[in-house]
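The next block holds one structure in the form of structure tokens; read it before the comments.
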Amino acid sequence: MQVDPSKLKPFVRTSASQITTANRCGLRWWWQKIAGIPYTVGAGAILGSAVHKQLEDYLKKGTAPDGTKAGRIATVLIPLLPDPKTVDAAHVERRFGFKVSGTEIQGIGYIDLIRPGLEAVDHKTRSDARWIVQPDQLKTDIQSILYSSHVAGRYDFTDGPVTFAHYNAL
């Protein structure tokens, strides 16, 4: 496949997911983000988004997950979450920006939940337990570093260090 150089997109915006994709397969990232070749969103990603929406509604509105597959998966994570009555809605799906040092590149992220005690939480759905990121891997995980850095820079440290957690559902 040939790409018309005049059709290439300038790279000015990124996310933790894009950085992870580029680290795993730079060519795939280039085709998607620079050449603009669309990629198919898989059924797993669509289901994961639906689970996220169920959890967001639970945390922001107190709405119990429904009987769909996404709702049943979200129900697995509910015991790990705080009572919605105690959650500041501004700490659910918290949008934040960052700048890639030494460049003009801007980044964006969404933290699923910032818990009291300075914990950044990301909800994950996995088709297989082997894809669960282990605690020792989180120390070098781009998403955990960016999200924790945002929380550390935005909130008071009086409660101790910032932690990052993946809440996983299979």
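The values are calculated or read from the model by the stated rules, or taken from the named source; none is laboratory data. Since this is a predicted model, take the numbers as computed values, not measurements. Quick reminder, even Gly has a Cβ in these numbers, built from the backbone with ideal geometry, and neighbours come from all protein chains shown. Ligands, DNA and RNA are excluded from the accessible area calculation, which covers all protein heavy atoms including side chains. Shrake-Rupley method; radii C 1.70, N 1.55, O 1.52, S 1.80 Å.
All but one of (1) at pLDDT 90 or above; (2) surrounded by 16 or more Cβ atoms within 10 Å (Cβ to Cβ) hold for Ile108, so report the exception by its number.
Here Ile108 clears every test but (2).
Hand me the list of helices (runs of 4 or more DSSP H) wholly inside the range 1-113 holding 1 or more residues that are of a type outside the set (Phe, Trp, Tyr) and touching a residue at least 24 places away in the same chain (Cβ under 8 Å).
Numbers: elements: 16-24, 26-29, 43-61, 69-77.
Qualifying helices (runs of 4 or more DSSP H): 16-24, 43-61, 69-77.
If I filter the range 111-134 down to residues being over 27 Å from Lys69 (Cβ atoms) and over 16 Å from the mean Cα position of the chain (by Cα), which single residue comes out as modelled with the highest pLDDT?
Going through the qualifying residues, I end up with Leu118.
Go through the range 63-80 and report how many residues are open to solvent by 70 Å² or more (accessible area, probe 1.4 Å), hydrophobic (A, V, I, L, M, F, W, C) and closer than 11 Å to Leu47 by Cα.
0
Within the range 135-161, which residues are modelled with pLDDT under 80 and surrounded by 11 or more Cβ atoms within 10 Å (Cβ to Cβ)?
Within the range 135-161, Arg154, Tyr155, Asp159 qualify.
May I ask you to list the residues in the range 27-50 that are open to solvent by less than 80 Å² (accessible area, probe 1.4 Å) and either farther than 30 Å from Leu81 by Cα or touching a Gly at 6+ places or on another chain (Cβ under 8 Å) (or both)?
Trp29, Trp31, Gln32, Lys33, Ile34, Ala35, Gly36, Ile37, listed by residue number.
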